[in-house]
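Chemist: Structure below; questions to follow.
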Amino acid sequence: MDENPLRVMVIIGSTRDGRFGPTVAEWFVGEVAVRTDMDVDVLDLAAAGLPDRLTAFGTAPPDPVAAVTPRIAAADAFVVVTPEYNHSFPAPLKTVIDWHGPQWRAKPVAFVSYGGMSGGLRAVEHLRAVFAETHSVTVRDTVSFHGAWERFGPDRRPLDPEGCRVAAKTMLDQLAWWGGALRTARATRPYAA
């Protein structure tokens, strides 16, 4: 076991009834759990109950936001599990991003996407631009499930476990590099934003 594992937060971005996100996230969290260099925390936005109306600057955040903020602040790195809605990402993801500012800074963000023909990759491209504005670093490689509903079996596991494992490992190795490098940099020299 690594003495100082990265704290990785996996964010489930879909809140839709009947959503497929928990299936994808459950598999992915299992891939993270076997690593000794990472600890995982799962933030399911369907359970978080974040309000979509932001308060004025200087106003205390509502209780659901206050409950989530320390968890986001404690994370060294993030993995966003996102579907694609209308060529972009779901509104609850924008909400959690917008409720938080400094908690994202100088931390890496990776993506696991799913959907139809594009596999959620258009949502990922939009998220890259949004996370750039938070002073985050997005990891180049993603894990993407095209035609996701046909890629998982009745046991909620991928039908191509080895291919999925390789893709997840590649992305997680990059996240580990960025997460370690940025954690050291933040500790050595505070990020100027």
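Each value in this text was obtained by applying a stated rule to the coordinates, not by laboratory testing. Not measured: the values here are computed from a predicted model. Using ideal geometry, Cβ is built from the backbone for each residue, glycine included, and neighbour counts are taken over all protein chains shown.
Chemist: Largest first and in whole Å, what are the equivalent-ellipsoid semi-axes of the stretch 1-63 based on the Cα gyration tensor, each being the root of 5 times an eigenvalue? Please report the intermediate quantities before stating the final value.
Modeler: Working: eigenvalues 156, 73, 7 Å².
Rounded to whole Å, the semi-axes are 28, 19, 6.
Chemist: Out of all DSSP beta bridges in the stretch 1-88, what portion is antiparallel? Express it as a percent rounded to 5. Mind dumping the intermediate values first?
Modeler: Working: 1 of 13 bridges.
Taking every DSSP beta bridge with both residues in the stretch 1-88, the antiparallel ones total about 10 percent.
Chemist: Another question about this same structure. According to the square roots a ≥ b ≥ c of the eigenvalues of the Cα gyration tensor, what is the shape class of the stretch 152-193, taking rounded for a/c under 1.5, prolate for a/b larger than b/c otherwise, and oblate for the remainder?
Modeler: On the way: a/c = 5.71, a/b = 3.45, b/c = 1.66.
It comes out prolate by the Cα gyration axes.
Chemist: Of Ala192, Leu182, Met171, which is farthest towards the positive pole of the stretch 145-193's charge dipole, taken about the Cα centre with +1 and -1 on the beta-carbons of Lys, Arg and Asp, Glu respectively?
Modeler: Checking the options against the dipole of the stretch 145-193, the answer is Ala192.
Chemist: While we're here: Could you give the size of the charge dipole of the chain about its Cα centre, using +1 on the Cβ of each K and R and -1 on the Cβ of each D and E, expressed in debye and rounded to the nearest 20? Intermediate values should be presented prior to the final figure.
Modeler: Values: 20 positive and 22 negative charges, 89 e Å.
Rounded to the nearest 20 debye, it is 420 debye.
Chemist: Compute the Cα gyration tensor for the stretch 46-106, then decide on rounded, prolate or oblate, letting a ≥ b ≥ c be the square roots of its eigenvalues: rounded whenever a/c is under 1.5, prolate when a/b is larger than b/c in the other cases, and oblate in all that remain. List each step's numbers first, then the result.
Modeler: Working: a/c = 1.80, a/b = 1.27, b/c = 1.42.
Oblate.
Chemist: On full extension of the chain, what length is gained from Asn86 through Asp2, given 0.36 nm per residue of separation minus the C-alpha to C-alpha distance?
Modeler: Values: separation 84, 0.36 × 84 = 30.24 nm, distance 4.10 nm.
Here the segment from Asn86 to Asp2 would lengthen by 26.1 nm.
Chemist: Assign one of three labels to the stretch 87-193, namely rounded, prolate or oblate, based on the Cα gyration tensor with a ≥ b ≥ c the square roots of its eigenvalues; rounded applies when a/c is under 1.5, prolate when it is not and a/b is larger than b/c, and oblate otherwise. Walk me through the intermediate numbers first.
Modeler: Working: a/c = 2.86, a/b = 1.59, b/c = 1.81.
It comes out oblate by the Cα gyration axes.
Chemist: Right, another one. Using Cα pairs closer than 8 Å and at least 6 residues apart in sequence, work out the relative contact order for the stretch 6-188, in percent.
Modeler: Numbers: 314 pairs, mean separation 42.4, N = 183.
Across the stretch 6-188, relative contact order equals 23 percent.
Chemist: Also, quick follow-up: Note down the magnitude of the dipole of the stretch 1-104 about its Cα centre, charges +1 on Lys and Arg C-beta and -1 on Asp and Glu C-beta and zero elsewhere, to the nearest 20 debye. List each step's numbers first, then the result.
Modeler: Details: 7 positive and 14 negative charges, 78 e Å.
Computed charge dipole of the stretch 1-104: roughly 380 debye.
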